[in-house]
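Below you'll find the structure, written out as structure tokens, and then a few comments.
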Amino acid sequence: MIDETELTDLTTRAEGPVLVPGGEEYEQELSGFQTAYHHRPAVIVGARTSRDVELAVTFAIKHDLPVAVQATGHGVTVLDEGGVLVTSRRMTGVSVDARNRTARIESGTQWKDVVASTVPHGLAPLSGSAPHTGVVGYTLGGGIGLLGREFGYAADHVRSLDVVGADGVLRHVTPDGDPDLFWALLGGRDNFGIVTALEMELLPVQRLYGGGIYYDAADAEAVFAHFREWTSTAPETITSSVGMIEYPPIPVFPEPLRGRHVVHVRFATTDLESGPDMIRSWRDVATPVFEHLGELGYDEVGSIYREPDFAHSFFGNNVLLGELDPAVLNSVLELAGRTAPVGCIVDLRHLGGAMSRPPRVPNAVPFREAQYILRVLSAVDEDSEETVRAAHQRVYEAVAPWTVGRSLNFVYGRRTEDEFVNEVYDADTLHRLAKLKNRYDPHNVFRRNQNIRPEA
């Protein structure tokens, strides 16, 4: 039972709103990019400052409540029922140190806001394909960026983190000051605390060569086969992917794509001179229905994937693949293509390169041997969730012989606490994370994510 006097005290001391079930503000605060699934906490603290986060965690500890955090609401998985939810969307500060090529980024910030702050300095963050994604959750889960093959995971470029731990105290974490906690946070995500800000290295990148080529879905077999062959020799300076999607007939999408099932090949490289030659062979694969390729300022990179930036309901998962066997492509086309039992969005990204190598400063991002990541997503509602789950599972079962694990950042939709923890980490990484959980969060305050439990 929550003490009303203490709740009033929390409300008085916090700069941001403190909300409980039963009001319109409570429901609005829970809203995010994902509309199919919502937390149902006993208390929401809409943090404006790191002090608000400290107050929220301290309150949760006193009442023996679990703590969860939500920024943009993209990656809602294990739902917080009856605990304390910290929403960080108001914490959006970005400060750039151009001389040292770093940025300090608060926990509710989206990549588009970071890019807007770095571009005037001729610098760029190692951001992902969707500008509206939250920086901190993306980075703590690894962060597969537009330039990942050349520069590695976003987590590999973090210099320090400010985190409120399981004792409710804010601390500044560096690889020299606390290498174990630094290692665990970068890959262990919010199992060890709530990161209120991080400092990240920036890239001396102003322009890219990139964009996409769209083909009709009837050409999917030829496009996927060429992707397999082409990526087997592609240099590390180019990062690419191929996707399948049926676009709805609405004006937000380019006219040639509306109402059409297409295959979309995406590219990004810092090699402006060689970029056009790298992708030249793609024009002989099939006749494009739409093309968007050329030099881009870094503030235009959201156009490469053209991912929707409006809230919607979806369910999805992924597998990391050690290789791209032809049987994988056949299974994807058969089970998630135009004739799939449910409408599927497919995204197959080329990994490897710098993402396969150990980072300069060690972190807990696992499965660096993976060469590809396969994602499948579908729109979902209460009536279709089980059907969608089953359809996706058939894809993942078909590609199981080549699967090495899953990426934490691309697990979308309701899961049980134990459903996927053994899939998003290898055994050694999970064992070390559990040992560190025992040191940094022995009472399992932060247990609403992939649920790493303390281990004696």
- Is it fair to say V365 is modelled with pLDDT of 95 or more and either among the small types (G, A, S) or part of a helix (DSSP H, G or I) (or both)? no
- Task: For V67, state whether it is crowded, with 21+ Cβ neighbours inside 10 Å and of a type outside the set (G, A, S).
- Result: yes
- If you check R149 against the conditions, is it more than 22 Å from E236 (Cα to Cα) and either basic (K, R) or at pLDDT below 95 (or both)? no
- Message: Checking the condition open to solvent by 20 Å² or more (accessible area, probe 1.4 Å), closer than 18 Å to V169 by Cα and touching a strand residue (DSSP E or B) at 6+ places or on another chain (Cβ under 7 Å), which residue from S50, S95 passes?
- Response: S50
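For P442, indicate whether it is closer than 28 Å to S160 by Cα, touching a residue at least 60 places away in the same chain (Cβ under 8 Å) and either of a type in the set (A, V, I, L, M, F, W, C) or surrounded by fewer than 18 Cβ atoms within 10 Å (Cβ to Cβ) (or both). Let's see the steps before the verdict.
Working: closer than 28 Å to S160 by Cα: yes; touching a residue at least 60 places away in the same chain (Cβ under 8 Å): yes; either of a type in the set (A, V, I, L, M, F, W, C) or surrounded by fewer than 18 Cβ atoms within 10 Å (Cβ to Cβ) (or both): yes.
Answer is yes for this residue.
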- For segment 72-89, enumerate the residues that are at pLDDT 85 or above and under 12 Å from the mean Cα position of the chain (by Cα). T72
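Would it be correct to say that R101 is at positive phi, at pLDDT 95 or above, open to solvent by 30 Å² or more (accessible area, probe 1.4 Å) and not β-branched (V, I, T)?
Numbers: at positive phi: yes; at pLDDT 95 or above: yes; open to solvent by 30 Å² or more (accessible area, probe 1.4 Å): yes; not β-branched (V, I, T): yes.
Yes; evaluated as a whole, the condition is true for this residue.
Quick one: which strands (runs of 3 or more DSSP E) lie wholly within segment 53-162 and hold at least 2 residues that are within 26 Å of D176 (Cα to Cα) and in contact with a Lys or Arg (Cβ under 8 Å, 6 or more places away or on another chain)?
Numbers: elements: 67-70, 84-87, 94-97, 102-106.
Passing ranges, in order: 94-97.
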- Query: Is at least one residue of segment 12-25 open to solvent by less than 20 Å² (accessible area, probe 1.4 Å), farther than 25 Å from I452 by Cα and part of a helix (DSSP H, G or I)?
  - Reply: no
- Task: Output the residue which, of all residues in segment 416-455 that are closer than 23 Å to E369 by Cβ and of a type in the set (V, I, T), is modelled with the highest pLDDT.
- Result: T429
- Query: Would you pick out the residues in segment 383-419 that are open to solvent by 30 Å² or more (accessible area, probe 1.4 Å), more than 18 Å from G75 (Cα to Cα) and of a type outside the set (S, T, N, Q)?
  - Reply: D383, E386, A390, R394, E397, A398, A400, P401, W402, V404
- Query: If you take the residues in segment 368-382 that are within 23 Å of the chain's Cα centre (by Cα) and open to solvent by 80 Å² or more (accessible area, probe 1.4 Å), which one is farthest from T339 (Cα to Cα)?
  - Reply: E369
- Task: Please go through segment 30-47 and pick out each residue that is open to solvent by 10 Å² or more (accessible area, probe 1.4 Å) and either of a type in the set (D, E) or over 23 Å from P308 (Cβ atoms) (or both).
- Result: R40, A42
- Note on the structure: When F227 is run through (1) open to solvent by less than 20 Å² (accessible area, probe 1.4 Å); (2) in contact with a helix residue (DSSP H, G or I) (Cβ under 7 Å, 6 or more places away or on another chain), the failure sits at (2)
- Query: Can E236 be described as open to solvent by 60 Å² or more (accessible area, probe 1.4 Å) and not in a loop (DSSP other than H, G, I, E, B)?
  - Reply: no
- Query: Considering segment 368-384 alone, what residues qualify as being of a type in the set (A, V, I, L, M, F, W, C) and in a strand (DSSP E or B)?
  - Reply: I373, L374, V376, L377, A379
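The values are calculated or read from the model by the stated rules, or taken from the named source; none is laboratory data. Owing to the predicted nature of the structure, the values given are computational and were not obtained by experimental measurement. Quick reminder, even Gly has a Cβ in these numbers, built from the backbone with ideal geometry, and neighbours come from all protein chains shown. Note: areas computed on protein heavy atoms with side chains; ligands, DNA, RNA excluded. Shrake-Rupley method; radii C 1.70, N 1.55, O 1.52, S 1.80 Å.
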